[in-house]
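Enquirer: Here it is: the structure, laid out below.
The values are calculated or read from the model by the stated rules, or taken from the named source; none is laboratory data. Just so you know, these numbers come straight off a predicted model, no measurement behind them. As a convention, Cβ positions derive from the backbone with ideal geometry for all residues, glycine included, and neighbour counts pool all protein chains shown.
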Amino acid sequence: MKKIGLFGGTFDPIHLGHVRMAAAFREQCGLDELIFIPAGAAYHKDQRGQASAADRLAMTQLAVAKLPYARVSDVDIVRTGPTYTADTLAAMRAEHGPEVVFWWLMGADSLAQLHTWRHFERLFALTHFAVAPRDSAIMPQIHPDIQACMAKKSANKLDAEPTQGTIRILDLSPMLVSSSEIRHKIAHQQRVNDVLDPDVWAYIQTHSLYLGSE
């Protein structure tokens with residue numbers, strides 16, 4: 001079966017750490033294709049200081065254009081209202097059909113909060129999860145509600161390779177850069193070209209992004 005990785009995020013801006021993570025995600029999960037999904041209006045995010053959805057989409061497209069195995073989806077950008085992962089996955093499942101195996105990339109901090117996500121039980125019927133470490137090698141404990149979902153999926157599966165509902169920890173050193181740090185540096189006219197794709201950096205300069213983010 002075809003394996004598609006889904007990499008959602010605000011990408012505000014997308015940086016070389018995201019690209020490195022995507023490469024590890026693809027290799028370790030054996031992905032045939034990787035789809036970057038810039039977020040729309042996330043219900044749990046403070047929108048102040050962010051670039052517009054159109055700018056974030058454009059920057060992501062510039063960076064991803066150099067990855068032959070990847071593309072960008074605007075599914076969350078064009079959706080009205082808050083962005084929920086369950087809705088994104090349902091839309092992707094409807095687009096690609098039941099035979100595709102999805103892997104959803106998340107950070108370790110998101111894994112720790114997965115039980116608080118809207119309709120989190122539904123997620124285990126839609127995708128596998130790949131977890132990337134953030135700023136520490138220590139991974140958070142999996143909440144009992146998530147463990148119960150995983151156990152239920154295992155009990156209902158007779159095949160050796162389930163098509164969704166498992167969690168894999170990626171072998172990847174934590175990112176040493178963050179989008180918020182990049183925005184801070186740009187606002188203070190500090191160097192960031194070493195952590196950004198050249199075309200993304202040129203776009204930021206051309207459109208005067210993040211200069212007033214603080």
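Enquirer: Mind checking which residues of the stretch 162-180 are surrounded by 15 or more Cβ atoms within 10 Å (Cβ to Cβ) and part of a helix (DSSP H, G or I)?
Expert: Ser179
Enquirer: While we're looking at this one, here's another question. How many residues, within the stretch 1-56, are at pLDDT below 95, among the aromatic types (Phe, Trp, Tyr) and closer than 20 Å to Pro98 by Cα?
Expert: The qualifying residues number 0.
Enquirer: Being β-branched (Val, Ile, Thr) and at pLDDT 90 or above is the filter here; which residues of the stretch 69-106 pass it?
Expert: Hits for the stretch 69-106 are Val72, Val75, Ile77, Val78, Thr85, Thr88, Val100, Val101.
Enquirer: Tally time: how many residues in the stretch 111-138 are among the hydroxyl-bearing types (Ser, Thr, Tyr) and in contact (Cβ under 8 Å) with a residue 12 or more places away in the chain?
Expert: Here the count works out to 2.
Enquirer: Scan the stretch 75-96 and report the pairs whose first residue is touching a residue at least 40 places away in the same chain (Cβ under 8 Å) and whose second residue is surrounded by 15 or more Cβ atoms within 10 Å (Cβ to Cβ) and part of a loop (DSSP other than H, G, I, E, B), with Cβ atoms within less than 7 Å and a gap of 6+ or a chain change.
Expert: Qualifying pairs under 7 Å: Asp76/Ala39; Asp76/Gly40; Thr83/Ala39; Thr83/Gly40; Thr85/Trp117; Leu89/Leu126; Leu89/Thr127.
Enquirer: Also, quick follow-up: Need the failing condition index for Ile14 against (1) more than 28 Å from Leu172 (Cα to Cα); (2) within 16 Å of the chain's Cα centre (by Cα), just the number.
Expert: (1)
Enquirer: Would you mention how many residues in the stretch 187-211 are touching a Leu at 6+ places or on another chain (Cβ under 7 Å), in a helix (DSSP H, G or I) and crowded, with 17+ Cβ neighbours inside 10 Å?
Expert: Total satisfying the criteria: 2.
Enquirer: I've got another one for you. Which of the residues spanning the stretch 170-209 are out of contact with any helix residue (DSSP H, G or I) (no Cβ under 8 Å at 6 or more places or on another chain) and either of a type in the set (Phe, Trp, Tyr) or within 27 Å of Phe102 (Cα to Cα) (or both)?
Expert: Ser173, Pro174, Ser179, Trp201
Enquirer: Quick check on my filter: what residues within the stretch 113-143 are under 14 Å from the mean Cα position of the chain (by Cα), under 16 Å from Phe102 (Cβ atoms) and either at pLDDT below 75 or in a loop (DSSP other than H, G, I, E, B) (or both)?
Expert: Thr127
Enquirer: Out of the residues in the stretch 82-112 that are within 13 Å of the chain's Cα centre (by Cα) and in a helix (DSSP H, G or I), state the one that is surrounded by the fewest Cβ atoms within 10 Å (Cβ to Cβ).
Expert: Among those residues, the one meeting the criterion is Asp109.
Enquirer: Shifting gears a bit: Would you pick out the residues in the stretch 11-27 that are in a helix (DSSP H, G or I) and within 13 Å of Pro38 (Cα to Cα)?
Expert: Across the stretch 11-27, the qualifying residue is only His18.
Enquirer: Of all residues being over 16 Å from Asp199 (Cα atoms) and in a helix (DSSP H, G or I) in the stretch 56-81, which is farthest from the chain's Cα centre (by Cα)? Just the residue, please.
Expert: In this case the residue turns out to be Val78.
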